[in-house]
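Chemist: Shown below is the structure under consideration.
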Amino acid sequence: MTVTHHLRVHRSDEDLAREGQLAWRIAEIAADPVDVDADVVDMIINRVIDNASVAAASLTRAPVSAARQQALDHAVSISGKGSTVFGCAIERRTSPEWAAWANGVAVRELDYHDTFLAAEYSHPGDNIPPIVAVAQHVGADGRALVRGIATGYEIQIDLVRAISLHKHKIDHVAHLGPSAAAGIGTLLGLDVETIYQAVGQALHTTTATRQSRKGEISTWKAHAPAFAGKMAVEAVDRAMRGETSPSPIYEGEDGVIAWLLDGPDASYEVPLPGPGEAKRGILDSYTKQHSAEYQAQAWIDLARKLHNEYPGLRQAQGPEGQDIESIVLHTSHHTHYVIGSGAGDPQKYDPTASRETLDHSIPYIFTVALQDGAWHHVDSYAPERAGREDTVALWRKVTTAEDEEWTRRYHSEDPNEKAFGGRVVIRFTDGTEIADEIAVADAHPLGARPFAREDYIRKFRILAEPVLAPDEIERFLDLAQRLPELTAGEVQQLTIVAEHGVLAGAPAPKGLF
């Protein structure tokens, strides 16, 4: 039975016992030897495949190549077997924290893997790279790996349900550091005390501002979660050596809540699994069919529908040939202020903006999807596509507006009414309108075409075929689908190896290392 943990700030003289701290409760959950349910195992397999898909598609991109080169410039730690790096030969290993870094960037670069949205945003698949890296390094088997991943998802999703970070301009990876540390603790079978110390340090070192997702969005956007994963690995290592961390990290009068979040009078209700309760949080998350911010997924599907139903919209004209005057997307607070015109970012309307900025611009994304009737992880962001004259003209007619009902549905705990879309009103110069709406993306569990195993495999094949040999695609899919039965030796082969010559054509920047 789910237990709600009441979280508030405590003065130092209140002397809050460890057993009453959120970090301790997280550690207890991580140390709980409860089995992983079969449907959770199946979804973990799906997400391991999904991560590999988007990593394959990003192998030659500059940020991924830079992170990979950094990792490869570090030797394998002397106390383990080392960890693999996406794209590289299986025998080419690095230290686990650097593998977590390189593989974390590869997974996040295209913003194309799974998501969970509630009080905060998250991509819980970001837990997988650091947990796999440690599993490979220490020689863990598939069963231990599955248990670790289940914990990582559970803790991050529970934190995201209850604690808003973005409201205070703190980046969402502050929930990832603790969850990854907890997942690694489960993987390794660590005791509560050790996991508690690791969780504290992981949170302490991963709180940063949201400027990484504001204005002209830089390549750090993909590195931020990878950094959190790297810090989680290092935090566990330090805790295993008997070292301690700031405490109480959440509740202290100079801690995260008091000074970075809602202040000394704040309180939260954090839903957590009770003792012996299975970790099922992953089942509440959802992946992406399209390479764009999750809150854009449903809008892409609606734009594709309108493209097919009203061919004139492709040329910014209505059914009777009238010109479009405006397009307003009535949507949730989050969508309006994060990826919509409510953000106040002029960059969201700039055809020379970075890819990272464009995938956080719903006016741009809706415009291109409406004109093209499709969305592509490379072509839809190409500079020549963004700069097309007719696209720019229509793009600047698209705005968003917060709608209280769509905001309420966004935050609803009822899965049957929770929504991430909205209502579009296209107004023409003669005063006529076209209106339509969508609640969830087609690929969402409650959408028109929910993603199943065959869809994850199809996505992997499409994204991997340009960079992986056919036999490598089959090798990886075979391993991933046998995940809980994998031996330690097979876990060490759980990676993707690029076809000969692929990485040679990628940038190979030199730095300090």
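Computed from the coordinates by the stated procedures, all read-outs in this text should not be read as laboratory data. Keep in mind the model is a prediction, meaning the values are calculated, not measured. Virtual Cβ from ideal backbone geometry, glycine too; neighbours counted across all protein chains shown.
Chemist: Taking θ = phi - 60°, what integer Hz values does the Karplus form 6.51 cos²θ - 1.76 cosθ + 1.60 yield along segment 225-236, in sequence order, with x for Gly and Pro?
Modeler: Computed from phi, the couplings for segment 225-236 are x, 5, 5, 4, x, 5, 5, 5, 4, 5, 5, 5 Hz.
Chemist: Just want to confirm a number: the relative contact order over segment 428-513, from Cα pairs under 8 angstrom separated by 6+ residues, in percent. Show your work: numbers first, answer last.
Modeler: Values: 36 pairs, mean separation 16.3, N = 86.
Reported relative contact order: 19 percent.
Chemist: According to the square roots a ≥ b ≥ c of the eigenvalues of the Cα gyration tensor, what is the shape class of segment 306-416, taking rounded for a/c under 1.5, prolate for a/b larger than b/c otherwise, and oblate for the remainder?
Modeler: Numbers: a/c = 1.76, a/b = 1.29, b/c = 1.37.
Verdict is oblate for segment 306-416.
Chemist: Taking the Cα centre of segment 59-137 as origin, sum charge times position over the Cβ atoms of Lys and Arg (+1) and Asp and Glu (-1), and report the length of that vector in debye to the nearest 20. Write out the running numbers ahead of the final one.
Modeler: On the way: 6 positive and 8 negative charges, 67 e Å.
In total the dipole reaches around 320 debye.
Chemist: What lysines could a cross-link reach from Lys81, if we take a straight Cα to Cα line under 21 Å and drop same-chain neighbours fewer than 8 places away?
Modeler: Cα-Cα hits under 21 Å: Lys230.
Chemist: Between Asp414 and Glu193, what is 0.36 nm times their sequence separation minus the Cα-Cα distance? Round to one decimal in nm. Mind dumping the intermediate values first?
Modeler: On the way: separation 221, 0.36 × 221 = 79.56 nm, distance 3.59 nm.
Extra length from Asp414 to Glu193 when fully extended: 76.0 nm.
Chemist: Could I ask something else about it? Which one of Gly185, Leu159, Ser95 has its Cα pushed farthest toward the positive end of the charge dipole of segment 83-186, where Lys and Arg give +1 and Asp and Glu give -1 at the Cβ?
Modeler: Gly185
Chemist: Does segment 185-267 come out rounded, prolate or oblate by the C-alpha gyration tensor, with a ≥ b ≥ c the root eigenvalues, rounded set by a/c under 1.5 and, if not, prolate when a/b is larger than b/c and oblate if not? Working shown, then result.
Modeler: Numbers: a/c = 2.92, a/b = 1.24, b/c = 2.36.
Oblate.
Chemist: Further question: Would you work out which of Phe420, Ala386, Trp375 lies farthest towards the positive end of the dipole of the chain? Charges go on Cβ: Lys and Arg +1, Asp and Glu -1.
Modeler: Ala386
Chemist: In addition: How would you classify segment 379-496 from its alpha-carbon gyration tensor, with a ≥ b ≥ c the square roots of the eigenvalues: rounded for a/c under 1.5, else prolate if a/b is greater than b/c, otherwise oblate? All intermediate terms of the calculation are to be shown ahead of the outcome.
Modeler: On the way: a/c = 3.57, a/b = 1.72, b/c = 2.07.
Since a/c reaches 1.5 but b/c is at least a/b, the shape of segment 379-496 is classed as oblate.
Chemist: Right, another one. Length gain on complete extension for the stretch Arg396 to Arg11, per 0.36 nm per residue less the alpha carbon to alpha carbon distance? All intermediate terms of the calculation are to be shown ahead of the outcome.
Modeler: Details: separation 385, 0.36 × 385 = 138.60 nm, distance 5.07 nm.
Additional length available on full extension: 133.5 nm.
Chemist: I want to check the label-to-label distance for Asp436 and Glu465. Put each point 7 Å from Cα in the C-beta direction and report it in nm to one decimal.
Modeler: Here the answer is 2.8 nm between the modelled labels.
Chemist: Compute the relative contact order of the chain as a whole-number percentage, counting only Cα pairs closer than 8 Å that sit 6 or more residues apart in sequence. Spell out each step's value before the answer.
Modeler: On the way: 1084 pairs, mean separation 112.4, N = 513.
Over the chain, the number comes to 22 percent.
Chemist: If you don't mind, there's one more thing I want to ask. Which of the lysines could a cross-linker span from Lys167 if the Cα-Cα distance has to be under 17 Å and same-chain partners fewer than 8 positions apart are dropped?
Modeler: Result set, ordered by chain and number: Lys214.
Chemist: Okay, next question. So if I place +1 on the C-beta of Lys and Arg and -1 on the C-beta of Asp and Glu, and nothing else carries charge, what would the dipole magnitude of the chain be about its Cα centre? I want it in debye, nearest 20. Don't skip to the end; give the middle numbers.
Modeler: Details: 48 positive and 74 negative charges, 243 e Å.
Dipole size: approximately 1160 debye.
Chemist: With +1 on each Lys and Arg Cβ and -1 on each Asp and Glu Cβ, and nothing else charged, work out how big the dipole of segment 320-423 is about its Cα centre, in Debye to the nearest 20.
Modeler: On the way: 10 positive and 19 negative charges, 33 e Å.
Its charge dipole is roughly 160 debye.
Chemist: Then there is this: Order of His10, His307 from fewest to most other C-beta atoms within 10 Å?
Modeler: Lowest count first: His307, His10.
Chemist: Now, a different point. Working from Cα positions, state the angle (0 to 90°, nearest 10) between the long axis of helix 62-72 and the longest principal axis of the chain.
Modeler: For 62-72 against the chain, the angle is about 10 degrees.
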